[in-house]
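Structure first, commentary second.
The values are calculated or read from the model by the stated rules, or taken from the named source; none is laboratory data. Please read these numbers as outputs of a predicted model, since none were measured by experiment. Quick reminder, even Gly has a Cβ in these numbers, built from the backbone with ideal geometry, and neighbours come from all protein chains shown.
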């Protein structure tokens, strides 16, 4: 499996390079910023992007949103020292294939890559436990992040993607990625249905 590694810490990049030697995984490129990662995805066409969540030039979540907006087929596994619940929920909504904590056993990264290569999703045990707790606390209800609630409100008001992008200070592509994740999460087909059912979703 061909891997693009995006992390702004040279020591982390070197450690992962050593870890993956003599395995089924080949590092075909390295990036130190989000923008460089997006360019290299197009250039080297890796099977998987190993992506640090905190980077200059566009953090991991922003890169993931852009990739989803562009309908890139690359699989994404995120590396992080820590992740809050809102980011965890968003990453899952954006179809991340794995999340590995940097302070965990290095063997976890290999376990994650093996699982993703086999078509499964892998979360660090600590994050998997938190995900289950979030699902339980929601009691079957919807767990909407503040940004998701804000977007639903904009759609209910009839704002177009460009207008929403201007309000949030992001690109239209980012708005499209956000909305796609919301459609998936709420099981709605389009923005019209989202607007019609907005009060129902925001009441939760």
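Which residues, counting only those in segment 25-35, are surrounded by fewer than 19 Cβ atoms within 10 Å (Cβ to Cβ) and either not in a strand (DSSP E or B) or not assigned by TED's automatic domain parsing to the domain that holds residue 61 (or both)? Hits for segment 25-35 are 32, 33, 35.
Can you find a residue that is surrounded by fewer than 20 Cβ atoms within 10 Å (Cβ to Cβ) and modelled with pLDDT of 95 or more anywhere in segment 80-93? The answer is no; no qualifying residue exists. Checked against (1) touching a helix residue (DSSP H, G or I) at 6+ places or on another chain (Cβ under 6 Å); (2) assigned to a helix (DSSP H, G or I); (3) surrounded by fewer than 23 Cβ atoms within 10 Å (Cβ to Cβ), residue 42 meets all criteria but (1).
So that you can scan it fast, the table gives a plain yes or no per residue for (1) surrounded by fewer than 17 Cβ atoms within 10 Å (Cβ to Cβ); (2) modelled with pLDDT of 90 or more; (3) outside the structural domain of residue 13 (by TED's automatic domain parsing); (4) more than 19 Å from the chain's Cα centre (by Cα):
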residue: 112; (1), (2), (3), (4): no, yes, no, no
residue: 117; (1), (2), (3), (4): yes, yes, no, no
residue: 126; (1), (2), (3), (4): yes, no, no, no
residue: 154; (1), (2), (3), (4): no, yes, yes, yes
residue: 158; (1), (2), (3), (4): yes, yes, yes, yes
residue: 166; (1), (2), (3), (4): yes, yes, yes, yes
residue: 170; (1), (2), (3), (4): yes, no, yes, no
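Scanning segment 91-107 for residues being in contact with a helix residue (DSSP H, G or I) (Cβ under 6 Å, 6 or more places away or on another chain) and either over 18 Å from residue 16 (Cβ atoms) or not assigned by TED's automatic domain parsing to the domain that holds residue 13 (or both) gives a total of 2.
Evaluation of residue 101 against the conditions (1) within 24 Å of residue 42 (Cα to Cα); (2) at pLDDT 90 or above; (3) in contact with a strand residue (DSSP E or B) (Cβ under 7 Å, 6 or more places away or on another chain) shows that the sole unmet condition is (1).
For residue 75, the conditions (1) surrounded by fewer than 19 Cβ atoms within 10 Å (Cβ to Cβ); (2) at pLDDT 95 or above all hold with the exception of (1).
In the condition set (1) assigned to a helix (DSSP H, G or I); (2) under 22 Å from residue 86 (Cα atoms); (3) not assigned by TED's automatic domain parsing to the domain that holds residue 20, residue 131 is compliant with all but (3).
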